[in-house]
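Just so it is clear, none of the values below were taken in a lab; they were calculated from the coordinates. Bear in mind the structure is a predicted one, so any value in this text is a computation, not a measurement. Ideal geometry is used to build each Cβ from the backbone, glycine not excepted, and the neighbour counts take in all protein chains shown.
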């Protein structure tokens, strides 16, 4: 039985959250700027093979939070998590 995803979590920092609330827009980042070089290289290879001029992304999780989420995406005293209604997010 397939699990229905109801909530998506975005681990980030307080300045990014405040920007999102003010502008009501998610920021999509260039994979060249990602700390995780493995993920970055995979996405950039995809961009190259598809001959895309631009490719930007934002990371979400639907699973339980882990220390990895906090350390990688929201490290430091301003770390926070934003929960989105998955159905509304993709409308």
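Treating each Cα of the stretch 9-57 as an identical point scatterer and summing with the Debye formula, the log10 of I(q)/I(0) at q = 0.15 Å⁻¹ comes to -0.50.
Only Cα sites of the chain enter the Debye sum here, all with the same form factor; the resulting log10 I(q)/I(0) across q = 0.24, 0.25 1/Å is -1.30, -1.32, listed in q order. Highest mean packing comes first when the peptides 66-72, 47-53 are listed by Cβ atoms within 10 Å, giving 66-72, 47-53. Averaging the sequence gap over all C-alpha pairs within less than 8 Å and six or more residues apart, then dividing by the number of residues, gives the stretch 7-89 a relative contact order of 57 percent.
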